[in-house]
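So the structure is just underneath, and the comments pick up after that.
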Amino acid sequence: MPALMGILNVTPDSFSDGGQFGSAEAAVDAALRMREEGADLIDVGGESTRPGAEEVPVDEELRRVVPVVEALASRGVPVSVDTRKAAVAKAALEAGAAVVNDVTALGDPEMAAVCAAHGVPVVLMHMQGTPQTMQRNPEYHDVVSEVCAFLVERAHLAEAAGIHRVWIDPGIGFGKTTQHNLRLLRHLDALVGTGYPVLLGVSRKAFIGRIAGGEATPAPVHERLEGTLAAQAWGQGVGVRMIRAHDVLVTRRAIDVIAAIQSA
Ligand code: HH2
């Protein structure tokens, strides 16, 4: 059964749930609720990577993330830190984070050494371009083989740097059109077939809104739950090992039903 990663965005501007928490305590309460609802791990992020998002200065990201990681880790909650900055990863690991989730797949030259020194698992995600530019005009010759080749190459680089537990993630919505996202989902078996455990993040993403409402009038974020569950179920059927989701309770129930069917 895939693990369930609950999303905790301590940002003012995340695409679907930014600006929810006025304090670290409120964020911690939300994380504890997600644990009760069945999250195995809480993914704490202090910088939105939505299309067009500005980079957050390191001090500000540290201020958002570290107190929350510390509070959760001290309560025994497994935490991953969603960051592309080695300095933030380092501080979060020192505060008790157990996993690094890097949407740039070790883009920061210091990141591999920080993760290796702490001996933690690392999620390597594919993105074309940067959040600022990625949705302008994403182009691939063959999106599935290019994403696969990139992830395997970064995984080998991570291993060579001393990271022993590597996860890969196709980066749904990161420099991809609706069709690119759909092709990656349709051929997710290619990623699963690499042998690296695959994490899938489709929760509330724009391609789901575009399928529901059309390219010109995508369904709003709060109308993407059914599509999210459908895409996650597809991924689980293909063999993904972790699902990253905002709506933990319903995702938990869906994962459990599919797992029960798979083991019957
Ligand atoms: N998606 C988002 C952020 N981090 N990490 C991984 N590994 N995979 C993903 O698909 C992924 C991710 C975007 O979602 P969210 O955190 O809800 O939004 P924002 O970046 O606006 O905070």
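Read-outs throughout are calculated quantities, based only on the coordinates presented, and are distinct from any laboratory measurement. Please read all numbers here as calculations on a predicted model, not as lab measurements. Every residue, glycine among them, receives a Cβ derived from its backbone with ideal geometry; neighbour counts consider all protein chains shown.
Could you pull the Rg and Dmax for the chain, using just the Cα atoms, both in Å?
17.1, 50
How would you rank H118, H156, H222, going from fewest to most other Cβ atoms within 10 Å of each one's own Cβ? Before the final figure, lay out the partial values.
Details: H118 17, H156 11, H222 8.
Ranked by crowding around the Cβ, least crowded first: H222, H156, H118.
Using each residue's phi in segment 219-227, evaluate 6.51 cos²θ - 1.76 cosθ + 1.60 at θ = phi - 60° and report the 3J(HN,Hα) Karplus result to the nearest Hz, with x for Gly and Pro.
With coefficients 6.51, -1.76 and 1.60, one gets 5, x, 3, 6, 10, 10, 5, 4, x Hz.
Take the alpha carbon gyration tensor of segment 1-132, find the square roots of its eigenvalues, order them as a ≥ b ≥ c, and report rounded if a/c is under 1.5; if not, report prolate when a/b exceeds b/c, else oblate.
Numbers: a/c = 1.42, a/b = 1.15, b/c = 1.23.
Verdict is rounded for segment 1-132.
Hey, what's the per residue convex hull volume over the C-alpha atoms of segment 177-264, in cubic angstrom?
Numbers: hull volume 7.6 nm³, N = 88.
That works out to 86 Å³ per residue.
Could you point to the residue in P197, I168, H180 farthest towards the positive end of segment 142-208's charge dipole, with +1 and -1 charges on the Cβ of Lys/Arg and Asp/Glu respectively?
Of the listed residues, the answer is H180.
Taking the alpha-carbon centroid of each part, what is the distance from segment 193-216 to segment 132-191 in angstrom?
12 Å
Starting from the amide H of L41, placed 1.01 Å from N in the peptide plane, find each other amide H under 5 Å away whose residue is 5 or more places distant or on another chain.
Excluding prolines and chain starts, which carry no amide H, the hits are L4, G6.
Which ³J(HN,Hα) values, rounded to whole Hz and listed in residue order, are derived for segment 57-70 from phi using the Karplus coefficients 6.51, -1.76 and 1.60 in 6.51 cos²θ - 1.76 cosθ + 1.60 with θ = phi - 60°, glycine and proline given as x?
In residue order, the calculated couplings are x, 4, 4, 5, 5, 4, 4, 6, 8, 4, x, 6, 4, 4 Hz.
Nearest 20 debye, what's the magnitude of the dipole of segment 28-109 about its Cα centre given +1 on Lys and Arg Cβ and -1 on Asp and Glu Cβ?
Working: 9 positive and 16 negative charges, 26 e Å.
Roughly 120 debye for segment 28-109.
To the nearest 20 debye, what is the magnitude of the charge dipole of segment 107-264 about its Cα centre, counting +1 on the Cβ of each Lys and Arg and -1 on the Cβ of each Asp and Glu? It would help to have the intermediate numbers written out before the result.
Values: 14 positive and 14 negative charges, 74 e Å.
The calculated dipole for segment 107-264 is roughly 360 debye.
When L157, L93 are ordered from fewest to most other Cβ atoms inside 10 Å of their Cβ, what list results? Walk me through the numbers on the way to the answer.
On the way: L157 15, L93 22.
Sorted ascending by nearby Cβ count, the order is L157, L93.
Skipping prolines and chain starts, which residues have an amide H placed within reach, meaning under 5 Å, of the one on Q20, given they are 5 or more residues away or on another chain?
For Q20, the qualifying residues are T11.
List, in order, the whole-Hz ³J(HN,Hα) value for each residue of segment 97-110 obtained from phi through the Karplus relation with A = 6.51, B = -1.76, C = 1.60 and θ = phi - 60°; use x for Gly and Pro.
Taking θ as phi minus 60°, the curve returns 5, 10, 8, 10, 10, 10, 6, 9, 6, 6, x, 6, x, 8 Hz for segment 97-110.
Enumerate the amide H contacts of A95 below 5 Å, restricted to partners 5 or more residues apart or on another chain; note that Pro and chain-start residues carry no placed amide H.
For A95, whose amide H was placed from the backbone, there are no distant partners under 5 Å.
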